[in-house]
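Peer 1: This structure is in structure tokens; I'll ask about it shortly.
FYI, it's all coordinate maths here, none of it is from the lab. Keep in mind it's a predicted model, so treat the numbers as computed, not measured. All Cβ positions, even for glycine, are placed from backbone atoms using ideal geometry, and neighbour counts span all protein chains on display.
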Amino acid sequence: MMKIHATTVLAVKHKGKVAIAADGQATMNNTVAKSNVKKLRILQDGKILTGFAGSTADAFTLLERFDEKLGSYSGNLKRAAIELAKDWRTDRYLQKLEAMLIAASKDELLIISGTGDVLEPDEDVAAIGSGSMYAQSAALALKRHSPDMSAEEIVRESMKIAADICIYTNHNIVLESL
């Protein structure tokens, strides 16, 4: 799987809700270029939440294609994700795009990569980007050991932990939930 640096996106499905958050940092090599980039998008009239890691222009191209697939498949998240991954893997133009996506509905949580992978993460916790393992570890621990926390609380606290550890993740967190 492609490793994307310089961002952190985390999604958690918990207690009938899904929350997704991303930090706001954009880097160019080892320099912070912008600290408040919005890496989350709401699609399908608020029914689908997405987050991206990687090149912003590439991610916007993928999000546009993904939204088209969602429209073609009546908002069926899994089917749209699989069809996007097929195109991404076989289309010469799309193959050059460097990004990853997390997509979530109230019922499903998926990671979509350019290698053709559509992954349903274990324990309803998905993370991408350079700080992903920090955020994912924190979210799994909080979900397992603090069951009274909401999805939003787990995501917010996990992103704070990732930002404290990962130099490519900042504390300008944007959070959306369903």
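Peer 1: Compute the normalised compactness of segment 56-178: alpha-carbon radius of gyration over 2.2 N^0.38 Å, N being the residue count.
Peer 2: 1.12
Peer 1: Express the relative contact order of the chain as a whole percentage, based on alpha carbon pairs under 8 Å and six or more residues apart in sequence. It would help to have the intermediate numbers written out before the result.
Peer 2: Values: 425 pairs, mean separation 60.5, N = 178.
That works out to 34 percent.
Peer 1: Here is a further query. Farthest toward the dipole's positive end in the chain, which of A21, S150, F52, given Cβ charges of +1 (Lys, Arg) and -1 (Asp, Glu) about the Cα centre?
Peer 2: Looking along the dipole axis, the top candidate is F52.
Peer 1: Okay, next question. Per DSSP H run of at least 4 residues, take -39500 (n - 2.57); add these up for the chain, divide by its residues and hand me the 222 nm value, nearest 500 deg cm²/dmol.
Peer 2: Using -39500 (n - 2.57) per qualifying helix, the result is -11500 deg cm²/dmol.
Peer 1: Here's another thing I want to ask about it. Enter the Cα centre distance for the pair segment 76-152 and segment 13-69, rounded to the nearest angstrom.
Peer 2: So the separation of the two Cα centres works out to 11 Å.
Peer 1: Can you tell me the dipole magnitude for segment 34-162 around its Cα centre, using point charges on the Cβ only (Lys, Arg +1; Asp, Glu -1), in Debye to the nearest 20?
Peer 2: 340
Peer 1: I need the peptides 136-148, 105-117 ranked by packing, meaning the mean over residues of other C-beta atoms within 10 angstrom, with the highest value on top.
Peer 2: Highest mean packing first, the order is 105-117, 136-148.
Peer 1: Taking R0 as 22 Å, what FRET efficiency do you get between N36 and S150 from their Cβ-Cβ distance, rounded to the nearest 0.05?
Peer 2: Here the calculated transfer efficiency is 0.35.
Peer 1: In Å, what is the Rg of the alpha-carbon atoms in segment 1-67, and how long is Dmax?
Peer 2: 12.9, 39
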